[in-house]
Amino acid sequence: MSPRTPDDLRTALAAVLPSVRADLERLVKIPSVSAAPEHAADVEKSAEATRDLFAAEGFDTQILRSGGAPALLATKPGPPGSPTVLLYAHHDVQPEGDHEAWDSPPFEPTERDGRLYGRGAADDKAGIAVHLAAVRALGDPLPVGVKVFVEGEEEIGSPTLEAFIAEHGALLEADVIVIADSGNWDIGEPALTTSLRGLVRATLEVRTLRHGVHSGMFGGVVPDALMALTRILTSLHDDDGTVAVPGLVTTDAADVDYPHDRLVAESGLADGVQLIGTGSSVERMWTKPSLTVTGIDAPAVEAASNTLVPAARAMISMRIAPGDSCAAAYERLREHVLAHVPWGAQVTLTYADGGEPTALDATGPAYDAAREAMREAWDGVAPIDMGVGGSIPFIATFAEAFPQASVLVVGVEDPDTRAHGTNEGLHLAEFERCCLAEALLLARLGV
């Protein structure tokens, strides 16, 4: 009989963790960068390596796709009448960036000061490892039916996930879905992610001239495109930094205190720079819209000439609150831009891409079991319900595709994980707690 009590599971987990750690390190060594065509073979290799790990645990495995990157589906039945739990993670990773900016090679997992560093060590190959640790610690027979779905294109926005669900959705049906791609509130403070902002990206192009002209001859009478573009961009915020686009949704945030000093430290705010917006910090980050200019196409300073710039572009990235929608938010942005065009400039706003926001119903037996499992794994510390300011669009896709399932969003990250950045690292003690919590959850769901 597989272990079921918390003490039994702690003992079993301690026994399997060294092998899980070794398997995680082998996965991190595979540069499965889904955004880079030159790493397509590595993405395939990563899917195969993940498949082999679960096949070795007695799962029926297959690699599936719907025109995109490879995904693993592994299944193992539970006792008759037991619920089925779908465990999600993704095996693709972000580009590593400048290797010189890393303190150790990004695809050579390295332990320093209680963290395992490497691209994907946390986001999200650690999610795979949590699932692996839980099923290894539980052993056979599992208390519930388990399906493991490990996607291969999350870091490029899961472009074929809807097609995948349309084609293979019946294989993914479950009573509970556990998505291991988020994080905890802090070291020693577990969390369930219950809301995520959505994303709308749009390209704003402004033209004032058919071609560039001499700034001395025509400056002062003919507007240049950069001046017109910046006037539109500055209209997007009030003086205090609050988003000035009318009609965007704002909702209430969880009652969580985010101390000012911690926010400043974790964000890397430069000395003397003030925070923007109004309301509590978590409201501004989780349940209010934000607007960011993430890029501008214009002559570089080094190449600048005394010429009126005829056309310029900017990429606008807008995070939208739960309860809003990409279509509605984009329309509000379009209306605002067109209402603030200076000097009759020619303006085009083009939708680039987006992802819907999510607000999860964090109630019911699965959530009760998850909270108790986390409390046990974190030695009596109860998890908080937290929001995430970033976007994981596939969560809304899962919630819509499987409305009968309880969707739980958890993860191994912490405020210093640096996912997507240099020196991404996994806090190993927190990783162990995450593994124990998932094993306890599966055991409780099978009671």
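Quick notes on this structure:
- Gained length - Ala303 relative to Glu205, 0.36 nm times residue gap less alpha-carbon distance: 33.2 nm
- Close amide H contacts of His237 (hydrogens built in the peptide plane, cut-off under 5 Å, sequence separation of 5 or more or a different chain): Ala244.
- Between Glu400 and Glu44, the modelled labels are 3.2 nm apart [label points 7 Å from Cα along Cα→Cβ].
- Here the gap between Gln62 and Leu275, fully extended at 0.36 nm per residue and compared with their Cα-Cα distance, gives a gain of 71.8 nm.
- Measuring r between the beta carbons of Thr251 and Ala36 and using R0 = 41 Å, the FRET efficiency lands at 0.65.
- Here region 59-95 is scanned for amide nitrogen atoms under 13 Å from the site 7 Å beyond the Cα of Ala163 along Cα-to-Cβ, giving 65-70.
- Of all accessible heavy-atom area on region 255-307, the percent that carbon and sulfur account for (1.4 Å): 52 percent
- Per-residue HN-Hα couplings for region 86-101 [Karplus 6.51, -1.76, 1.60; θ = phi - 60°; Hz; x = Gly/Pro]: 9, 9, 10, 7, 9, 9, 8, 9, 6, x, 7, x, 6, 4, 5, 7
- Spacing of the two label points (7 Å from each Cα toward its C-beta) at His237 and Asp8, in nm: 5.6 nm
- In this simple spin-label model, placing a label point 7 Å from the Cα along the Cα-to-Cβ direction at both Val293 and Asp52 gives a separation of 5.0 nm.
- Loop-located chymotrypsin sites (Phe, Trp or Tyr not before Pro) in region 340-447 whose Cβ has at most 12 other Cβ within 10 Å (DSSP): Trp343
- Overall, the chain carries a charge dipole of about 780 debye about its Cα centre when +1 sits on the Cβ of Lys and Arg and -1 on the Cβ of Asp and Glu, all other atoms neutral.
- If both residues of a DSSP beta bridge must be in the chain, then about 65% of such bridges are antiparallel.
- Contour excess over end-to-end distance, with Cα ends at Ala327 and Val341 and 0.36 nm allotted per residue: 2.9 nm
- Across region 13-26, rounded Karplus estimates of 3J(HN,Hα) from the backbone phi angles (6.51 cos²θ - 1.76 cosθ + 1.60, θ = phi - 60°) give 5, 4, 6, 9, 4, x, 6, 5, 4, 5, 5, 4, 5, 5 Hz, Gly and Pro being marked x.
- Taking 26 Å as the straight-line reach from the Cα of Lys29, the lysines in range (excluding those fewer than 8 positions away in the same chain) are Lys45, Lys125, Lys147.
- Under Stokes-Einstein, with the Kirkwood radius over Cα pairs as Rh, the value for the chain at 20 °C and 1.002 mPa s is 91 µm²/s.
- Distance-filtered residues of region 109-133 - backbone nitrogen under 20 Å, label point 7 angstrom along Arg418 Cα→Cβ: 109-127
- DSSP beta bridge pairing in region 19-165, given as percent antiparallel to the nearest 5: 60 percent
- Sequence-distant aspartates and glutamates (8 or more away, or on other chains) whose Cα lies within less than 14 Å of Lys76: Glu57, Asp60, Asp140, Glu173
- Volume per residue of the C-alpha convex hull in region 325-447, rounded to whole Å³: 157 Å³
- Expressed as a whole percent, the proportion of Cα-Cα pairs in region 210-293 lying more than 20 Å apart is 53%.
- A 1.4 Å probe run over the protein chains yields, for the chain, 43 Å² of accessible area per residue, whole-number rounding.
- Mean residue ellipticity, 222 nm, helices only, the chain: the sum of -39500 (n - 2.57) across DSSP H runs of n ≥ 4, divided by residue count and rounded to 500, is -10000 deg cm²/dmol.
- Here the Karplus curve 6.51 cos²θ - 1.76 cosθ + 1.60, taken at θ = phi - 60°, turns the phi angles of region 139-156 into couplings of x, 9, x, 5, x, 9, x, 10, 10, 10, 10, 10, 7, x, 8, 5, 6, 10 Hz, with x standing for Gly and Pro.
The values are calculated or read from the model by the stated rules, or taken from the named source; none is laboratory data. Keep in mind it's a predicted model, so treat the numbers as computed, not measured. When we count neighbours, we look across all protein chains shown, and the Cβ atoms used for this are built from the backbone with ideal geometry, even at glycine. Note: areas computed on protein heavy atoms with side chains; ligands, DNA, RNA excluded. Shrake-Rupley method; radii C 1.70, N 1.55, O 1.52, S 1.80 Å.
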